[in-house]
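Colleague: Could you have a look at this structure, given as structure tokens, before my questions?
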Amino acid sequence: MGKMMLCTLGISLCLFSIIPSAFGIWLTLPSSGTKCVSEEIQTNVVVLTDYVVIPDGSSLQPSIGVKVTSPYGNNLYYKENTTHGNFAFTTQETGNYLACFWIDPHYQGAKEVSVSLDWKTGIAAKDWESVARKEKIEGVELELRKLEGAVEAIHENLLYLKGREAEMRAVSERTNARVAWFSIMSLGICIGVSGLQLWHLKRFFQKKKLI
């Protein structure tokens, strides 16, 4: 049983390392302007993010603004004058999801503000503790359930990459066809212009009675 648990945990670590489903970063916001992070995500993927302003030791706690937008520019989350919070949504579009942060313009306590960001997507955003309590599973069975979710996520990623590769191949083929037609047209124009030049020179020399 112990060896099976170690094997399961080992496979879990391998699979979770393949899928970039969670990351924690530390952002340093400038005194003016915004700083953004983005991730390319497929449709029907759960995104869960926690953020918190890191205290700088001063008596005045800095506050920030947060805005999250979809690939098509739809606002998914917006909040001002905050020091911590979280947002969650299920993606409806495929593409880059953008989260932007900026310092509250009314805060004049420091030149820079640091923000800790914990961004989770897909299986990493799933509440496995609630699943375990609801379905009364634990130990190896819970790890196997996580593995099942990881395998499904890998399969979906592979299908997505396959679709993107097919789209890129189609675009490349269309581009190559257009380049080929353009080359043929350019060659035809060059031949036509050369023929007209020869005809014009021949007429010119004939008028001058040089030939």
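The values are calculated or read from the model by the stated rules, or taken from the named source; none is laboratory data. Keep in mind that this is a model prediction, so the values were computed, not measured. With ideal geometry, Cβ positions are generated from the backbone for all residues, glycine too; neighbour counts draw on all protein chains shown. For accessibility, only protein heavy atoms count, side chains too; no ligands or nucleic acids. Shrake-Rupley method; radii C 1.70, N 1.55, O 1.52, S 1.80 Å.
Colleague: Taking segment 29-45 only, how many residues are more than 17 Å from TYR78 (Cβ to Cβ) and open to solvent by less than 70 Å² (accessible area, probe 1.4 Å)?
Modeller: Residues that pass the stated criteria total 7.
Colleague: Would you mind listing the strands (runs of 3 or more DSSP E) fully within segment 52-108 where at least 2 residues are open to solvent by less than 20 Å² (accessible area, probe 1.4 Å)?
Modeller: 64-69, 84-90, 95-103
Colleague: Just one of (1) in contact with a Ser or Thr (Cβ under 6 Å, 6 or more places away or on another chain); (2) of a type in the set (S, T, N, Q); (3) exposed (fewer than 15 other Cβ atoms within 10 Å of the Cβ); (4) within 25 Å of LEU60 (Cβ to Cβ) trips up SER116, so point out which.
Modeller: Single failed check for SER116: (1).
Colleague: Same structure, new question: Is there any pair with a first residue in segment 151-173 that is closer than 21 Å to VAL45 by Cα and a second that is surrounded by 12 or more Cβ atoms within 10 Å (Cβ to Cβ) and of a type outside the set (A, V, I, L, M) whose Cβ atoms are under 8 Å apart and which are 6 or more apart or on different chains, and what are they?
Modeller: Partner pairs satisfying both residue conditions: ALA153/SER21; ALA153/GLY122; GLU156/GLN42; ASN157/GLN42; TYR160/GLN42; TYR160/THR94.
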